[in-house]
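The structure under discussion is supplied below as structure tokens; questions concerning it will follow.
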Amino acid sequence: MAKKIKSYHLPKLNKQTENIDSALRLLGLEGIRLFFDTISKQTLNKKDITPYDFLENLLEKELAWREDNRLIRWAQAARFPWKKTLQDFDFSAQPSIDQTQVYDLSSCRYIDNSQNIVFFGVPGVGKTHLAISLGLEAINQGYEARFLTLGQLIDMIEKSYAGEGTHRLFSSLLRPDLLILDEMDLFETKGSISDFLFKLCQQRYEKKSTIFTSNRSFDSWDKVFGNETRAGSIVDRIMHNGVIINIKGGSYRTRNRNSIQAIL
Ligand code: ADP
Ligand code: MG
């Protein structure tokens with residue numbers, strides 16, 4: 001019969017554990033503070049566990065706790081409208097997409113190389129889904145990402161005029177390693193708004209990456225950047241070292257409706 005191991009009981013809250021608790025809080029070692037009891041119970045009664053193993057276990061918990069929190073905070077700060085991953089994407093529904101190319105992008109080398117990506121395709125083909133997936137992947141790998149539709153960005157620029165916030169807004173959008181600008185073709189801009197957009201894309205070029213999504217071709221971007229010359233210079237830059245993914249299929253949302261209609 002296996003010998004019953006005498007279990008180690010952690011002391012109830014007393015002066016010493018209170019001191020430890022407040023020191024861990026003060027030092028910001030929240031992972032150790034939360035998992036100390038569990039790790040102690042798991043390890044202190046076991047043979048062959050050295051103090052180094054115990055400390056290593058605690059430090060691993062602290063690092064894992066910090067990383068989990070970082071992922072949550074950065075994903076919240078990115079303001080994705082919903083969470084979608086590459087694993088959720090059904091590539092068989094969109095044969096025009098090169099799955100290997102998209103998975104290759106998830107390595108984030110394009111961010112290291114400050115390249116841009118453009119997803120083209122009619123509504124519902126998964127452009128936003130893929131852009132969010134790549135954004136989440138970037139965050140997992142330690143890059144800062146920010147998601148905005150063009151409509152949201154225009155609103156933010158307009159609101160920033162009221163205060164002194166335009167400069168701050170501009171800097172905050174220059175900073176992320178990856179900026180996702182969704183639905184690039186849905187708005188027409190003029191004056192200071194198109195100036196802002198043009199300067200933003202111009203200044204991010206070759207320094208930071210941007211993912212654009214658009215329902216229509218580059219031609220529709222003349223209206224986004226205010227005129228043909230400006231749009232042309234942004235598009236030229238994207239074409240120069242960017243990745244352009246044309247999704248040629250139909251909407252994922254209505255795929256079953258189409259096949260039902262074909263049967264009927
Ligand atoms: P788009 O941005 O091209 O208009 P979305 O990315 O918004 O399309 O896709 C519409 C919806 O369909 C989303 O909920 C998305 O997750 C889903 N979707 C689109 N394509 C696929 C796909 N190939 N596999 C799984 N879900 C998809
Ligand atoms: Mg979309």
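Looking at Arg70, Arg79, can you tell me which residue is closer than 23 Å to Lys208 by Cβ and without any contact (Cβ under 8 Å) to a residue 24 or more places away in the chain?
Numbers: Arg79 fails: without any contact (Cβ under 8 Å) to a residue 24 or more places away in the chain.
Within the list Arg70, Arg79, the selection yields Arg70.
Still on this structure: Can you name the number of the only condition in (1) within 16 Å of ligand 1 (Cβ to nearest atom); (2) surrounded by fewer than 21 Cβ atoms within 10 Å (Cβ to Cβ) that Val118 fails?
Val118 satisfies every listed condition except (2).
Here's another thing I want to ask about it. May I ask you to verify whether Ser106 is surrounded by 12 or more Cβ atoms within 10 Å (Cβ to Cβ) and in contact with an Asp or Glu (Cβ under 7 Å, 6 or more places away or on another chain)?
On the way: surrounded by 12 or more Cβ atoms within 10 Å (Cβ to Cβ): yes; in contact with an Asp or Glu (Cβ under 7 Å, 6 or more places away or on another chain): yes.
Considered against the rule, which asks whether it is surrounded by 12 or more Cβ atoms within 10 Å (Cβ to Cβ) and in contact with an Asp or Glu (Cβ under 7 Å, 6 or more places away or on another chain), Ser106 comes out as yes.
So, Phe89, is that one modelled with pLDDT of 95 or more and of a type in the set (Phe, Trp, Tyr) or not? Step through it out loud before you land on a result.
Working: modelled with pLDDT of 95 or more: yes; of a type in the set (Phe, Trp, Tyr): yes.
Considered against the rule, which asks whether it is modelled with pLDDT of 95 or more and of a type in the set (Phe, Trp, Tyr), Phe89 comes out as yes.
Within segment 192-199, is there a residue that is more than 16 Å from Ile234 (Cβ to Cβ) and more than 12 Å from ligand 1 (Cβ to nearest atom)? Break it down stepwise before answering.
As a first pass, look at segment 192-199 and keep what is more than 16 Å from Ile234 (Cβ to Cβ): 192.
Next cut, more than 12 Å from ligand 1 (Cβ to nearest atom) only: 192.
Looking for residues that are more than 16 Å from Ile234 (Cβ to Cβ) and more than 12 Å from ligand 1 (Cβ to nearest atom), one finds at least one in segment 192-199, hence yes.
Looking at segment 78-148, what helices (runs of 4 or more DSSP H) fall wholly within it and have at least 1 residues that are among the hydrophobic types (A, V, I, L, M, F, W, C) and within 13 Å of ligand 2 (Cβ to nearest atom)? Give the steps one after another, and end with the answer.
Numbers: elements: 99-105, 109-112, 127-140.
Correct list: 127-140.
For Arg73, are the conditions met, namely being closer than 30 Å to Leu181 by Cβ, charged (D, E, K, R) and either over 31 Å from the mean Cα position of the chain (by Cα) or part of a helix (DSSP H, G or I) (or both)?
Values: closer than 30 Å to Leu181 by Cβ: yes; charged (D, E, K, R): yes; either over 31 Å from the mean Cα position of the chain (by Cα) or part of a helix (DSSP H, G or I) (or both): yes.
The answer is yes for Arg73.
Let me ask something else. Can you tell me which residues in segment 200-226 are within 16 Å of ligand 1 (Cβ to nearest atom), surrounded by 14 or more Cβ atoms within 10 Å (Cβ to Cβ) and part of a loop (DSSP other than H, G, I, E, B)?
Matches in segment 200-226: Asn215 only.
Would you mention how many residues in segment 90-103 are buried (at least 19 other Cβ atoms within 10 Å of the Cβ) and in contact with a helix residue (DSSP H, G or I) (Cβ under 7 Å, 6 or more places away or on another chain)? Talk me through it step by step, then tell me what you get.
Applying the first criterion (buried (at least 19 other Cβ atoms within 10 Å of the Cβ)) to segment 90-103 yields 94, 97, 102.
The next check asks that each one be in contact with a helix residue (DSSP H, G or I) (Cβ under 7 Å, 6 or more places away or on another chain); those that pass are 97, 102.
Here the count works out to 2.
Answer yes or no as to whether Leu44 is over 17 Å from the mean Cα position of the chain (by Cα) and more than 16 Å from ligand 2 (Cβ to nearest atom). Before you say what the answer is, go through the steps one by one.
Details: over 17 Å from the mean Cα position of the chain (by Cα): yes; more than 16 Å from ligand 2 (Cβ to nearest atom): yes.
Taking the combined requirement at face value, the residue satisfies it.
Sticking with this structure for a sec: Could you identify the single residue in Thr229, Thr189 that is farther than 24 Å from Ala75 by Cβ and part of a helix (DSSP H, G or I)?
Working: Thr189 fails: part of a helix (DSSP H, G or I).
Residue meeting the stated conditions: Thr229.
For Ala162, state whether it is surrounded by 22 or more Cβ atoms within 10 Å (Cβ to Cβ), more than 16 Å from ligand 1 (Cβ to nearest atom) and not acidic (Asp, Glu). Spell out the reasoning first.
On the way: surrounded by 22 or more Cβ atoms within 10 Å (Cβ to Cβ): no; more than 16 Å from ligand 1 (Cβ to nearest atom): yes; not acidic (Asp, Glu): yes.
No, not satisfied.
The values are calculated or read from the model by the stated rules, or taken from the named source; none is laboratory data. Because the structure is a prediction, the values reported are computed rather than measured. Please note: Cβ atoms are built from the backbone with ideal geometry, for glycine as well, and neighbour counts cover all protein chains shown.
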